[in-house]
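Taken together, the values in this text are just the output of simple stated rules run on the coordinates, not laboratory data. Here the structure is a predicted model, which is why all the values come from computation and not from measurement. For neighbour counting, all protein chains shown are included, and Cβ atoms are generated from backbone atoms with ideal geometry for every residue, glycine included.
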Amino acid sequence: MKRNPNGFLREEYQSLVEKSFNWQLRTLEGPSAPVCKVDGNEVIMLCSNNYLNLSNHPKIKRASKKAIDTHGAGSGSVRAIAGSMDLHFEAEKRVAKFKRTESALIYQTGFAANAGLIPQLVEKGDIIISDELNHGSIIDGVRLSKADKGVFKHSDMGDLENVLRDADSKGYRRILIITDGVFSMDGDIAHADQIVKLAQQYGAMTYVDDAHGEGVIGPDGRGVGAHFGIEGKIDVEMGTFSKAYGVVGGLIAGSQDLVNYAYNKSRTWLLSGSHPPAVAAAQIAAIEVLETEPRHVKRLWKNTRYFKKNIKRMGFDTGHSETPIIPLMCGESAKAKELSAFLYKEGIFALPIIFPMVARDKARIRIIMNAGLKREHLDKALDAFERGGKKVGII
Ligand SMILES: Cc1ncc(COP(=O)(O)O)c(C=O)c1O
């Protein structure tokens, strides 16, 4: 058989381009900041995950620079062999203290934590039960597992109980319930308290991915466990340093048993080089900033309340948002794209989220609020949204 071994690369890409499903990458010239330069234009940034603007915090930058001088540019190895520096252990101690758990483990990214740990927690003869709107990194972690898979309707506790009851009656050995803490496309919060209760009732383990909750919800931004007053009751609290902490790195927090198990079993942790010391130092400093400077979380919420109140008053539909993730529902993809293009011309950077990331008729502009934005920036953005919304006919 005559094969074209790599022809699919171009064909697949062309097909993405024809359907407008391809990503067009923009260039950030300089830091990710509330007002920054994108492709040569100054824009108000409304789609970065740098919620608290900590990536520009002087203490965090200083800590990072200092670690290069004291520890070098790279760690030299995977954690398990020769790449566990004092800074890595210190960062993990700080995470556990901040999350009020017995222990914590840091992975290279949140994706690596989900892809590495989930498939190790359950095996053949077990079942994973997952919210239908969970993040792609959870979905990939679930796919890597040999366990059976169950899905419950988004945040529907009745449906979760049905799936649990069914799993219980089938006699699975282990049951693992997985949910996002804050859903990244809609900005709603999982009913983590009820999930924990149901899990206790059915003898299931709980895993909450709080990538968008840490540094954002709960007292001092301590995340979903603190938000519901159930700290220590979620078996695996997973998070990331790549969002509100303004750095990079995945984390899990829970019992010492969990951490011992996780680092001996997760292949993404065992077989991949550890963070450069500058990153570990920045992680430590970011937690310190969260612990000692509550103003960042307060400002994030103040900006969120102001923006949401005004954008809703204009007639925009913000879906089920309860957090600084604010979707503006546009319906068809074309409208979301047109609005985003209009906004960019007005100096506002807010990207469209379209099929296949969300359902075909649920295209939206997803705004992520930032603590560093000033009232004048919010007003400028609101004005542009109002004109843009009218132009594309969604308000
Ligand atoms: C819910 C959720 N989980 C996990 C991740 C992955 O985190 P990281 O950027 O650290 O790989 C993301 C990032 O987009 C996310 O939104």
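Please sort 234-246, 262-274 by packing, taking for each peptide the average over its residues of neighbouring beta carbons within 10 angstrom, highest first.
234-246, 262-274
Cut-off under 24 Å on the C-alpha distance; same-chain residues fewer than 8 positions from K337 excluded. Which lysines are left, in chain and number order?
Leaving aside lysines fewer than 8 places away in the same chain, those within reach of K337 are K19, K37, K308, K309, K312, K345, K362, K380, K390, K391.
Would you kindly derive the ³J(HN,Hα) couplings of the stretch 243-254 from the backbone phi angles with the Karplus curve 6.51 cos²θ - 1.76 cosθ + 1.60 (θ = phi - 60°), listing them in order in whole Hz, with x for Gly and Pro?
10, 4, 6, x, 10, 6, x, x, 9, 10, 10, x
Output ³J(HN,Hα) for the stretch 142-147: one whole-Hz value per residue in order, computed from phi by the Karplus curve 6.51 cos²θ - 1.76 cosθ + 1.60 with θ = phi - 60°, and x for Gly and Pro.
5, 4, 6, 8, 8, 6
Projecting each Cα onto the charge dipole of the stretch 58-292 (Lys/Arg +1, Asp/Glu -1 at the beta carbon, about the Cα centre), which of V208, S84, I106 comes out farthest on the positive side?
S84
Binning at 5 Å from 0, report for the stretch 58-292 what percent of all alpha-carbon pair distances ends up in each bin.
With 5 Å bins starting at 0, P(r) equals 1, 7, 15, 19, 20, 16, 10, 6, 3, 2, 0, 0.
Mind jotting down the three principal axis lengths of the stretch 246-328 based on Cα atoms? Whole angstrom, largest first.
52, 28, 24 Å, listed from the longest principal axis down.
Rounded to the nearest 20 debye, what is the charge dipole size of the stretch 325-395 about its Cα centre when +1 sits on each Lys and Arg Cβ and -1 on each Asp and Glu Cβ?
In total the dipole reaches around 100 debye.
Under 14 Å from the Cβ of R360, count the other residues' Cβ atoms, weight Lys and Arg +1, Asp and Glu -1, and hand me the total.
Result for the neighbourhood of R360: +3.
Lysines near K146 by alpha-carbon distance under 24 Å, same-chain residues fewer than 8 away left out - which ones?
The qualifying lysines are K124, K170, K265.
How fast does the chain diffuse by Stokes-Einstein, in µm²/s, taking the Kirkwood radius from C-alpha pairs at 20 °C and 1.002 mPa s?
97
Once amide H atoms are placed 1.01 Å from N in the peptide plane, what residues at a sequence separation of 5 or more from D235, or on another chain, have their amide H within under 5 Å of its amide H?
Amide H neighbours of D235: T206.
Find which of V163, A286, V43 sits farthest along the positive direction of the dipole of the chain, computed with +1 on the beta-carbon of Lys and Arg, -1 on that of Asp and Glu, about the Cα centre.
Value computed over the given set: V43.
Select from G225, V196, Q256 the residue farthest towards the positive end of the dipole of the chain; place +1 on Cβ of Lys and Arg, -1 on Cβ of Asp and Glu, and compute about the Cα centre.
The Cα lying farthest towards the positive end belongs to G225.
What are the chymotrypsin sites (Phe, Trp or Tyr not before Pro) within the stretch 1-54 that DSSP puts in a loop, where the Cβ has at most 14 other Cβ atoms within 10 Å?
Sites meeting the loop and neighbour criteria: F21, W23.
Once phi is turned into ³J(HN,Hα) by the Karplus curve 6.51 cos²θ - 1.76 cosθ + 1.60 with θ = phi - 60°, what whole-Hz value does each residue of the stretch 110-127 show in order, with x for glycine and proline?
Per-residue couplings from phi come out as x, 4, 5, 5, 5, 5, x, 8, 3, x, 8, 7, 9, 10, 4, x, 10, 9 Hz.
What dipole magnitude, in Debye to the nearest 20, does the chain give about its Cα centre under +1 on Lys/Arg Cβ and -1 on Asp/Glu Cβ?
840
Return the long-range amide H neighbours of I353 (sequence gap of 5 or more, or a different chain), with a cut-off of under 5 Å between placed amide H atoms.
R364, I365, R366
Just how large is the dipole of the stretch 157-258 about the Cα centre, in debye to the nearest 20, putting +1 at every Lys and Arg Cβ and -1 at every Asp and Glu Cβ?
The calculation lands at about 280 debye.
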